[in-house]
Amino acid sequence: MLLDIFMIIGGLACLLFGGDFLVRGASALAEDLGVSPLFIGLTVVAFGTSAPELSVNLLAATQGNTEISFGNVVGSNIANVGLILGCCAIMRPLSVEGIIIAREIPMMLLATLATVILAGDSLLRGEPGQLDLADGLILLLLFCVFLYYSTGDVLRKRASDPLMEELGEFVKPTRVHTKIWNFWLLLLGLGLLVIGGKLAVDGAVAVAEGLGIPRVVIGLTIIAIGTSLPELVASGMATWRGKTEIAIGNVIGSNIFNLLLVFGVCSTVTPLSVPAIGGIQDLAVMLLLSALLFPLSLSFRQNLVRVEGVILLGIFISYLTWRVLSAL
């Protein structure tokens, strides 16, 4: 059991470093090749920050551990809103920019609602819930629509768009590196992602079997929070520096990528089953937190204040505690 826990910790560490190396190596290499920073930000950085979740879920899905894949995505989205935004709002009130209210939050709500409907076959048709090939293609189509409108908005408003500010934190000149070094850094990042995903999934399966709890609970807790660490660090640092609009934009963008890109890709590879016990509740809580974020962001002069952060964090801790205790 102890070895399995160390496998999870080691796997999460590899995922964190792998995602960082992938983004930095690919960004620097693209810059060396003359690719514009805007293009780098909208492609390499955006995809790279979702690489840990994508790596874990693809490996889990191909190995038949679809409950871990389901729990990781849903748990990451719950943690992003409840844990990360809750902690950041407690640290300092978060300013919610108009473009986030007009574009990011509605798109997150649409992505969440679409996922709940597509995964809710057990309620709509009386069949076991799952995300299959057709569902995955729909999610990827919505992801393409999101990228299209996001790109258009960024190109028109890049001077005041918090998305571009966030991407600018990653896309910086790196002349101290050579092209060969950047290439190897990119390969190292990809390798660490594969190794980290394998270690994390295998360790999570072993721990779940050893403790006799559903694999989806491990995905909802250890794996979900672990793969959300990049968002936690990025949002926490942005809040600490006073760039609160970046903190909330980072979380919402991550949720959209998790649902539309990660779920979309994984469900086209293999059908992802919704756990018979607790799966619908997990989706409902994810939808609740996403829907709750909209009225909260409009209150207090478009600021997410400390009391609202306490509410979000309280919902996250309460639900996660109930979910774990009910599985024991």
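The values are calculated or read from the model by the stated rules, or taken from the named source; none is laboratory data. Small disclaimer: the values here were computed from a predicted structure and weren't measured. As a convention, Cβ positions derive from the backbone with ideal geometry for all residues, glycine included, and neighbour counts pool all protein chains shown.
Observations
- Which numbered condition D202 misses (of (1) charged (D, E, K, R); (2) surrounded by fewer than 17 Cβ atoms within 10 Å (Cβ to Cβ); (3) in contact (Cβ under 8 Å) with a residue 24 or more places away in the chain): (2)
- Hits in the stretch 291-312 (condition: at pLDDT 90 or above and surrounded by 20 or more Cβ atoms within 10 Å (Cβ to Cβ)): E308, G309, L312
- Residue match in the stretch 282-295 (condition: in contact with a Lys or Arg (Cβ under 9 Å, 6 or more places away or on another chain), hydrophobic (A, V, I, L, M, F, W, C) and in contact (Cβ under 8 Å) with a residue 12 or more places away in the chain): yes
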